[in-house]
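**Student:** Here it is: the structure, laid out below.
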Ligand SMILES: [Zn+2]
């Protein structure tokens, strides 16, 4: 039995125009590359299609007035935000991605592991931006709550903070939202500081881990060991939804986190191994990434999900970080993690 992997060729219509960094061609290109270069890994995937999400699903997290606004904007090629234009077919493709992530999450809940293309985490209750129309990650989590789950962990490793997902679950204690991302002072969406920890009954259930530019994989290991994994042990989620594509990679043209391909694989693999050893179902979703090496980054992610060891490389040098700067990055990361743990201390025994 293969690992359920949700893909639909119609995702190609999730596209923002020829000069935009997000091109709908990325999905099919990746599937072809995986099949051509690593046929044994491709053969381990059980490719599935899902139903498109109707308003009933979207309304689990989005206001009806927002859905209506999106529909009317698409008719005149309007903009949700300066970087997110609605073109003909955008909505159908977005609904398909949402339906796919919901199906992947439910399949993971049933069988233990599933994956697919998802991660439209900048869409909030009544807004869309940052190339995100509807929030498939949040809809998937909300659908699982509707199925009776009481503890859902969303672990967002996209380089950009998941502001939409955060806003949707800001007061929801059944969803623990952890986002590890580039310092919001240096990157869109400019949210996700360490003192944003949720509110009302959801206080303590939003966890933001802002990482300094050029932090690299070793600092990610620190964050997993000191914050993310202890939280998993205490929260005991019934399912983990990991989302985030290749944009923490050092070659990404929009971000500056400095992870190598091997470090990106290691991040994904550590989450998969943690889920497995803790007996927690995992759904792994990715679709972000910018520049020439999105496919390589996604291959690194799939390598991590599947526990494969095939070789990957990129013909582009890493930016050199002098030892003094490396030491400063580590000091800032450790101070951030200490500050975060102090903020979370009233809500979690482990801190
Ligand atoms: Zn991103």
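Values quoted throughout were computed directly from the atomic coordinates according to the rules given, and no laboratory measurement underlies them. Fair warning: this is a prediction, and the values are worked out from it, not measured in the lab. Glycine gets a Cβ as well: all are built from the backbone with ideal geometry, and neighbour counts include every protein chain shown.
**Student:** If you check residue 83 against the conditions, is it touching a residue at least 12 places away in the same chain (Cβ under 8 Å), under 17 Å from the mean Cα position of the chain (by Cα) and within 16 Å of the ligand (Cβ to nearest atom)?
**Tutor:** Working: touching a residue at least 12 places away in the same chain (Cβ under 8 Å): yes; under 17 Å from the mean Cα position of the chain (by Cα): no; within 16 Å of the ligand (Cβ to nearest atom): yes.
So residue 83 fails the test.
**Student:** Those residues that are surrounded by fewer than 20 Cβ atoms within 10 Å (Cβ to Cβ) and within 16 Å of the ligand (Cβ to nearest atom), I need them from the range 269-294; list them, please.
**Tutor:** 291
**Student:** Kindly state which helices (runs of 4 or more DSSP H) lie completely within the range 89-198 and contain at least 3 residues that are within 16 Å of the ligand (Cβ to nearest atom) and free of Cβ contacts under 8 Å to residues at least 60 places away in the same chain. Even if it seems obvious, please write down each step before you answer.
**Tutor:** Values: elements: 90-111, 136-146, 163-168.
Passing ranges, in order: 163-168.
**Student:** Output the residues belonging to the range 254-267 that are touching a residue at least 60 places away in the same chain (Cβ under 8 Å) and under 23 Å from residue 225 (Cα atoms).
**Tutor:** Applying the first criterion (touching a residue at least 60 places away in the same chain (Cβ under 8 Å)) to the range 254-267 yields 254-258, 267.
Passing the criteria: 256, 257, 258, 267.
**Student:** Counting only residues that are more than 14 Å from the chain's Cα centre (by Cα), free of Cβ contacts under 8 Å to residues at least 60 places away in the same chain and not in a loop (DSSP other than H, G, I, E, B), which one in the range 299-312 is nearest to residue 113 (Cα to Cα)?
**Tutor:** If we take residues in the range 299-312 being more than 14 Å from the chain's Cα centre (by Cα), free of Cβ contacts under 8 Å to residues at least 60 places away in the same chain and not in a loop (DSSP other than H, G, I, E, B), then 304 is nearest to residue 113 (Cα to Cα).
**Student:** Of the residues that make up the range 319-331, is at least one over 21 Å from residue 221 (Cα atoms) and either assigned to a loop (DSSP other than H, G, I, E, B) or within 16 Å of the ligand (Cβ to nearest atom) (or both)? It would help to see each step written out before you state the result.
**Tutor:** The initial filter retains those residues of the range 319-331 that are over 21 Å from residue 221 (Cα atoms), namely none.
Checked the range 319-331: no residue is over 21 Å from residue 221 (Cα atoms) and either assigned to a loop (DSSP other than H, G, I, E, B) or within 16 Å of the ligand (Cβ to nearest atom) (or both).
**Student:** All but one of (1) on the phi > 0 side of the Ramachandran plot; (2) within 13 Å of the chain's Cα centre (by Cα) hold for residue 198; state the number of the condition that does not hold.
**Tutor:** (2)
**Student:** Tell me, yes or no, whether the range 244-261 has at least one residue that is more than 24 Å from residue 165 (Cα to Cα), touching a helix residue (DSSP H, G or I) at 6+ places or on another chain (Cβ under 8 Å) and away from the ligand (no atom under 16 Å from the Cβ).
**Tutor:** yes
**Student:** Just to be sure before I move on: is residue 300 within 30 Å of residue 151 (Cβ to Cβ) and within 16 Å of the ligand (Cβ to nearest atom) in the structure I sent?
**Tutor:** On the way: within 30 Å of residue 151 (Cβ to Cβ): yes; within 16 Å of the ligand (Cβ to nearest atom): yes.
So residue 300 passes the test.
**Student:** Do any residues in the range 285-298 that are in contact (Cβ under 8 Å) with a residue 40 or more places away in the chain and at positive phi have Cβ atoms under 8 Å from those of residues that are within 12 Å of the ligand (Cβ to nearest atom) and in a helix (DSSP H, G or I), where the two are at least six apart or on different chains, and which pairs are they?
**Tutor:** 289/297
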